[in-house]
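Colleague: One structure coming up, written as structure tokens, with questions to follow.
The values are calculated or read from the model by the stated rules, or taken from the named source; none is laboratory data. Bear in mind the structure is a predicted one, so any value in this text is a computation, not a measurement. Note that each Cβ is placed from the backbone with ideal geometry, even for glycine, and that neighbours are counted across all protein chains shown.
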Amino acid sequence: MSNLIRWEPAREMMTLREAMDRLFDDAFTRPLSVFKDSWTVPAIDMYQTDDEIVVKAALPGIKTDEVQINITGEVLTIKGEAKQQEEKKERAWHIREQRWGSFERSVILPTEVVADKAKAEFENGILTITLPKAEEVKPKVISIKAK
């Protein structure tokens with residue numbers, strides 16, 4: 001007795017569409033490095049408040065002296081190198097997914113910032129970069145006078 005599976009073209013198209021969306025998203029927001037030793041770029045979160053842009057990058061196992069942050073115009077770049085620990089040859093690896101080597105991630109900031117007043121903190125493998133917005137792009141409150 002064989003099992004028949006109903007073919008639903010609409011579901012297949014959505015799956016294809018989601019795959020294409022993911023492909024384009026990865027291609028334009030997460031450019032992969034072409035170097036053999038490099039690992040994929042770190043995952044980031046970015047949000048803004050009225051006064052600042054906040055970027056959080058997951059960099060587990062990385063030390064602060066292995067990370068460099070640059071702001072050039074409207075582009076924020078986080079790059080560095082994860083150095084591999086001394087390796088013993090007598091190990092027989094079953095799974096080895098940790099990545100070592102250089103990494104880099106660049107993102108376009110959604111608004112102008114004051115790069116000179118940026119702050120960066122590193123805690124529990126999360127790098128948090130706080131970028132104050134330029135005065136000219138901050139929301140202005142206009143008070144209304146009653147007559």
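Colleague: Which one is modelled with the lowest pLDDT among residues in region 13-39 that are farther than 14 Å from E81 by Cβ and among the polar types (S, T, N, Q)?
Modeller: My answer is T29.
Colleague: Which residue is nearest to P42 (Cα to Cα), if the candidates are limited to region 121-140 and must be in a strand (DSSP E or B) and in contact with a Ser or Thr (Cβ under 7 Å, 6 or more places away or on another chain)?
Modeller: F122
Colleague: Also: Scanning region 68-91 for residues that are at pLDDT 80 or above and over 20 Å from V114 (Cβ atoms), which turns out farthest from the chain's Cα centre (by Cα)?
Modeller: E81
Colleague: Take D45 and decide whether it is out of contact with any Ser or Thr (no Cβ under 7 Å at 6 or more places or on another chain) and either assigned to a loop (DSSP other than H, G, I, E, B) or at pLDDT 70 or above (or both).
Modeller: Against the criterion (out of contact with any Ser or Thr (no Cβ under 7 Å at 6 or more places or on another chain) and either assigned to a loop (DSSP other than H, G, I, E, B) or at pLDDT 70 or above (or both)), D45 qualifies.
Colleague: If you check S143, S102, S106, which single one turns out to be part of a loop (DSSP other than H, G, I, E, B) and of a type outside the set (V, I, T)?
Modeller: S143
Colleague: Does region 54-71 hold any residues that are in contact with a Pro (Cβ under 7 Å, 6 or more places away or on another chain) and either part of a strand (DSSP E or B) or within 17 Å of I108 (Cβ to Cβ) (or both), and which are they?
Modeller: A57, A58
Colleague: Further, regarding this structure: How about region 111-133: which of its residues are touching a residue at least 60 places away in the same chain (Cβ under 8 Å), surrounded by fewer than 17 Cβ atoms within 10 Å (Cβ to Cβ) and not hydroxyl-bearing (S, T, Y)?
Modeller: Answer for region 111-133, where residues must be touching a residue at least 60 places away in the same chain (Cβ under 8 Å), surrounded by fewer than 17 Cβ atoms within 10 Å (Cβ to Cβ) and not hydroxyl-bearing (S, T, Y): F122, G125, I126, P132.
Colleague: Read through the list (1) without any contact (Cβ under 8 Å) to a residue 60 or more places away in the chain; (2) among the charged types (D, E, K, R); (3) surrounded by 14 or more Cβ atoms within 10 Å (Cβ to Cβ), then give the number of the only condition that E52 fails.
Modeller: Only one criterion in (1) without any contact (Cβ under 8 Å) to a residue 60 or more places away in the chain; (2) among the charged types (D, E, K, R); (3) surrounded by 14 or more Cβ atoms within 10 Å (Cβ to Cβ) is unmet by E52, namely (1).
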